[in-house]
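K.L.:
Please find one structure pasted underneath; my questions will follow.
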Amino acid sequence: MSVSEQAATQGAEGLEPASSDQHFAEDMGRLFEIGFASGLLAALSQQGCLQQPTYEYYRQELAQLHFEPLYSRLSKRSHVVSTWDREQLRYWALFILLRGYLGGLTFCQEFLEALAALRSAPPDILYLQCRFHGPNSLGTYDKKESLAFAELLEQLRRRGYTLPPSEQIYKGYCGRGHFPQADLLLLLRQGRHWRLLSIDLSVFTVRSLGDARSLTSADEIGELLLRELGYMRTRSVFSNLSIDTDATLLSGQGLLASGLKHYFQAFSRRDKESYKLIQAASYAHSFYEFLSSYQILPPEESLTFHIIGYTDRGSNSMTLRRDQLAVLAACAEIYREHDKRQEIEASREQLLTVISNYVRRAFQDGGRFIRQLLEQPRRDDGLHWICHEEWLTDFVAMNAPLSAEQVTPELQALFPDTPCVGRNLRDLHADLVLRELAQPTPYLFLTGTPGIGKTTAIVNFLKARARQGEGFLFIYVSPRKQVNIDIIHKFQQDHPEHPRCETLLALTTNSAYIQANGGKHTVHYYSFQRHERFSVGGVDFLPAEGPEAQQQRPRERRLEEVEEGLLIDRGQSISGVLDSLCSAIDVALTEQLSPTIVATVAVQSLRRTSHEQATTLKHLKRMFQSLLKQGSLQQAALEHLSQRIKYIFFMIDEVTGDESGAAFVEGVHSLLSQYQLFHQTTIHCKVIVADASIVDPQLIQRHLEDSAYEPDKIYFRRATQPPQPLSRSEFSFKRQRAVGINANGYPASALRLRYRVGLEIQPYEDKTALRASSQQLKSSLQQRLLEDLLTILQQPEAPQVLIYIQDKQRLAELIAELQRRLGRFQLYEDYLAIHANTSEEEKQKVKDYQNRVRAIFMTASASRGLSFERAREILVDVPRFAIEQNLMEILQVIYRGRGGDFDHTEKSITFYLSDRFFYERSEERASALRESLLALFNILLILKTALLTRIKGEGQIGYQRFLMIPIGGKAVLSAGESLTSRLGRLVDQLDDLRYQHPENPAFREVATYLINVLSQVHIELTPPRTSLRHRAPQRGASSRAKSKGQPRPYLTVLDQLAQEFEQAVMQGFDHLLTLPPLERAYIAGSLLIVPLGERRLREEYWISLLKLLETDRHGEELLKRMEALRRHPHCNDEIRLLLKDGIALIKELRHIARENTIIPHFSQETQHADQHYAVPLHTLLVSEVFHSHFQSGAEEESKPTASFRRLLESYLRALYPIDSTLPLGRHYEHFPFVIFRSYNLPEARRKIFLDHYLFMSHELNIINMLLARSDQEEQP
């Protein structure tokens, strides 16, 4: 940023004269910028992407910069006097420079990798603009701006482009927001495709001297990381959403550009990343105008804009095509005209008014609701509760006869021979599904409301075919094991109109079944005709309801003492779930075990394998093994099979209920396409995809056509047609004909919606007050829930009530308080508690008592596949995080009360929403309140619109009708678990159980004991094809040769990288260009993330003899407690198998401890392509600070929740989906680290360079951006 640019910016914001804090923030930003540009130049040089003249020019520019003059000028401008402060300032200056350098280095590596993946042609860089003189040098290197600009334009002149005198061009582009002021610009060409990269940089973690915590204190560094984590967690829940650039989803680019302008005008500030994004976009727009004016960019060739706002705590990005210039133009207009603070405040107030009007129109009596929300918090600080109520009656009741008004012409047209008036929606839906199942259409999508009878219609169709002597193979896939069993029971049920399937052979399996049978190919089967165990074709068939299926004989883990005191894990050799099931299907077909075969499996059985890009879906072809010859389907064999099997149906249910659902659809499609089964005349083959969340055919295509990774999102677009209670649509899916059947309704005659909204506003004093405020809001929310529950339960004819709370600890506290207040409130008599990890025994008790109890408590992931016919009241605690996933769960929860006579009566849903916000100075109160109210209005709008989209087919925002549908992300996890990753999962499961059952201390004690026993760990990385081992993340390994062509692992240079970096910047910044290359890595906030690649991970756990032989205060040993938990009714099969692994390890270690005189230790070695490690970036500068901290034992004395181990894991989880986190304990020797698995991390990061994603941002409130238009623009 030039001096003139800086002055213009200050004037625009109406700032006071520069203070020392302002100078400090600006100077830190400049150091960050020159560090970033140096790293980017180093990466380009290492990849050979720079032409020699360009390289030489920037080498000479960097040679003018030296650290000592920069530091001296920084100290003077910051008014730092004391020796200690000057020392800390020096650390910070070096850290910001190093952070910038690594940021530029790793960003450029990612950018070049993305380009190589998209285009085969090598990148040809025509223009590169970095700024190392003037203000960026803190005044240590002066150069006239027009001269510097002329030198940059020489890059284009050398390429043969004809340009007028540089001075003339400069005069036309020297104003605010024009490209000569850009921090970093890069223009490159790949064949006939051009890319323009514009980056604006800044520092936000240290905006004042007061923010600069001591970098010589590990505790202070921990506070810095905690502050950044707090920032990530306090951003709007709608910030981290990506927008697809399909114009039909955005309702046109004009709408987006208009909303973008209003939003940025109101809420872009110099202390936010969005401001940097606008700035970078303005420079890109100016540069594009310049390039177009002088015919440098051929109009017929494609162009992609990469706009990046990059700071030390994250980045925002826009990726645009040439036809989306309106967005760039809007950003340029905003930035160049962003003037007085009074106008900014007016824009913010106007935006609040606009969004308030949306809320007012979306709710009945919304004017009073909005007045309460706006006025009560404005009066005074403290906690305010606002209650609102409304009634919904204009929807179709699922079981009620349809009136003439409800039967639209479109609905009646679906049934030309049968009047629809007087029939109910459920029966009409069943008829439509039955008719469509008989058609040859390859794909059928069932997106009806929960409980409409999607699977029931399919089961009844197949039962009817069986009665007519037509056989079938039905493969059913869903995310829930219990749902898989339920579908089998539907085939077994005897009903006068739909008798049971007498020849049924139903197969199911999961990892627990396979492990319980010693790891062999295993299925459990259901049949009316045979009940014995048998083995055919290498597959064990166990009767599911027989005693053998209930017995567990898991194959022991192969733990072997390979030398005295050293125990290693040889792993387990077990059959995969899909391998077992598909082999059993092949046996059933080959041996003609039954003409009516049902096979069910969990979608989670899909995993990536270690072999390149393969997944476990490769086993699907095993089910047709008998039909193949040399890999090809034999027509004669197929015709022979068709004499018995007429229908082959694959059904993927709840396809958005698990991240791998889309990939499962892709796998089934590939199988059927490969064997050309879609259009066989002898066998009717169909893929049925069902989900109650999808609603819209366009969303089916957008979400399921491609199985590539995507994060959770909210699908948001204008409704184009009036909603129908029942509809049928035809479209193309994966180049096959597809039909979608959707039904909108709710199981009630009327629906009362209540909203309990808690708002707390307080001045920020310190962390203690912050925690006290958090507890106050939590207690108040609990009290509201409690009072509402008591009011319901104490009614004379009390309805059954469902309570959804995701926080298991709060749920347990609520139940305990109910027991105290009611005197008697017993599990299985008065209430049920249902969680994702509910055991088989508990599931059976839920079935036995669900119609007897008064209250059912449930948490996330436990709501699908259950229904409670007596429930008429539903209480929902709305979480403030992961809004997309949680909203999916909520929309499932509100349909759990269905299936009985109460579906013809009124029902009630109460939503509890709460938020708190703080301000530091009184003059900031109004602004803080305004932004927090906007976030609250967002969640109210999304909640109401998403609910109406599911119930009615659309919702209303303002004067327009919208569809708003929460959709889970797409990903496939990797197969293969090490013993320690399984034990880590066991600890997590036991932690969950201790919150669910606080009365039983064994869950907490065993989890704590396991962590303590396995806390002393040494972890090594073994590079491929070499015996050299780098202790990782431990230090002390020898350095590799500093070869220019061989990247150095970070772990080998931890002790010397900072010294090498400091020495280079002391001699001259041009020496940064000659530092040896470093291995591939990512920067995420203040974390360095490094993929392990082909390196092997070796873990060595040294076990304390005292801890092994120690007993607790009751005299009961750890092993006895673990054995007791394996029999505990609260532990499901998965936890029992995990406990068995833990028991096996502890037994062997105890045996070694007793038989040998040396300390026992356990070792295992693994290799996973999706494994990474993460360390704080501060480690690269002050590793000795962490070493002293951990050697002092300070970390062991801290609370587990305040440990570096917990902090790093929480930081990563706020950014990416991760699992299998190591180490298990929090004991470190030298510096903090975590090792984790995340196959989708590289894919998630690469999306910032793809033009499919207009915005990738952790800050931008996308909902506000799309709604940020004036009322006049919005009216019809």
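Values in this text are rule-based calculations from the coordinates and carry no lab data. Since we're looking at a predicted model, the values are computed, not measured. Please note: Cβ atoms are built from the backbone with ideal geometry, for glycine as well, and neighbour counts cover all protein chains shown.
K.L.:
Mean shadow of the range 484-527, computed from the convex hull of its alpha carbons, in nm²? Spell out each step's value before the answer.
P.N.:
Working: hull surface 13.2 nm².
Quarter of the Cα hull surface area: 3.3 nm².
K.L.:
Calculate the spin-label point distance for His679 paired with Glu639, positioning each point 7 Å from the Cα along the beta-carbon direction, and give it in nanometres.
P.N.:
Those two pseudo-labels are separated by 2.0 nm.
K.L.:
Could you check the simple spin-label distance between Ala326 and Asp380, using points 7 Å along Cα→Cβ, in nm with one decimal?
P.N.:
5.0
K.L.:
HN-Hα J couplings of the range 77-82 from phi, Karplus 6.51/-1.76/1.60, θ = phi - 60°, integer Hz, Gly and Pro as x?
P.N.:
5, 8, 6, 8, 10, 5
K.L.:
Apply the Karplus parameterisation 6.51 cos²θ - 1.76 cosθ + 1.60, with θ equal to phi minus 60°, to every residue of the range 706-714 and state each ³J(HN,Hα) to the nearest whole Hz, in sequence, with x for glycine and proline.
P.N.:
Running phi through 6.51 cos²θ - 1.76 cosθ + 1.60 with θ = phi - 60° gives 10, 9, 5, 4, 8, x, 4, 8, 10 Hz.
K.L.:
What length, rounded to one decimal in nm, is gained on full extension from Leu118 through to Lys629, with 0.36 nm per residue of separation minus their alpha-carbon distance? Don't skip to the answer; put the middle values down first.
P.N.:
Values: separation 511, 0.36 × 511 = 183.96 nm, distance 3.77 nm.
Computed gain between Leu118 and Lys629 is 180.2 nm.
K.L.:
Now for a separate question. Quick one: if the Förster radius is 25 Å, what FRET efficiency do Glu68 and Ser208 give, using the C-beta to C-beta distance and rounding to 0.05?
P.N.:
Efficiency computed from Cβ-Cβ geometry: 0.55.
K.L.:
How fast does the range 323-470 diffuse by Stokes-Einstein, in µm²/s, taking the Kirkwood radius from C-alpha pairs at 25 °C and 0.890 mPa s?
P.N.:
It diffuses with D of about 114 µm²/s by this estimate.
K.L.:
Please give the length that would be gained between Thr791 and Ser922 if that part of the chain were fully extended, namely 0.36 nm times their separation in residues minus their C-alpha to C-alpha distance (nm, one decimal).
P.N.:
43.2 nm
K.L.:
Further, regarding this structure: Go ahead and collect, in residue order, the members of the range 963-1002 whose backbone nitrogen is under 16 Å from a label point 7 Å along the Cα-Cβ direction of Arg1126.
P.N.:
In the range 963-1002, the label zone of Arg1126 (backbone N under 16 Å from the point 7 Å along Cα→Cβ) covers 983, 986.
K.L.:
Okay, next question. When the chain is fully extended, how far beyond the present Cα-Cα distance does Gln1046 get from Gln60, taking 0.36 nm per residue of separation?
P.N.:
352.4 nm
K.L.:
Mind scanning Lys621/Lys847; Lys276/Lys713; Lys686/Lys907; Lys734/Lys808; Lys686/Lys944; Lys843/Lys1140 and naming the pairs with a C-alpha gap bigger than 30 Å?
P.N.:
Pairs exceeding 30 Å: Lys621/Lys847; Lys686/Lys907; Lys734/Lys808; Lys686/Lys944.
K.L.:
Follow-up. What ³J(HN,Hα) values, in whole Hz, does the Karplus curve 6.51 cos²θ - 1.76 cosθ + 1.60 give for the range 598-607 when θ = phi - 60°, with x put for Gly and Pro?
P.N.:
10, 10, 10, 7, 7, 4, 5, 5, 7, 9
K.L.:
Nearest 0.05, what FRET efficiency do Thr905 and Gln956 give at R0 = 30 Å with Cβ-Cβ as r?
P.N.:
0.70
K.L.:
Measuring from label point to label point, each 7 Å out along Cα→Cβ, what is the Tyr828 to Gln52 span in nm?
P.N.:
Distance between the two pseudo-spin positions: 8.5 nm.
K.L.:
Report, ordered by chain and residue number, the aspartates and glutamates lying within cross-link reach of Lys143, taken as a straight Cα distance under 19 Å and ignoring same-chain residues fewer than 8 apart.
P.N.:
Glu5, Asp27, Glu33, Glu56, Glu61, Glu151, Glu154, Glu167, Asp183, Asp1070
K.L.:
Also: When Lys and Arg each count +1 and Asp and Glu each count -1, what net charge do the other residues less than 15 Å away from Ala466, Cβ to Cβ, add up to?
P.N.:
For residues surrounding Ala466, the net value is +3.
K.L.:
Still on this model: Sequence-distant or interchain residues sharing an amide H contact under 5 Å with Lys646, placed H: which?
P.N.:
HN-HN under 5 Å from Lys646: Gly471, Phe472.
K.L.:
Neighbouring Cβ atoms within 10 Å as the yardstick, rank Ser82, Ser38, Ser72 fewest first.
P.N.:
If I rank by nearby Cβ atoms, fewest first, I get Ser82, Ser72, Ser38.
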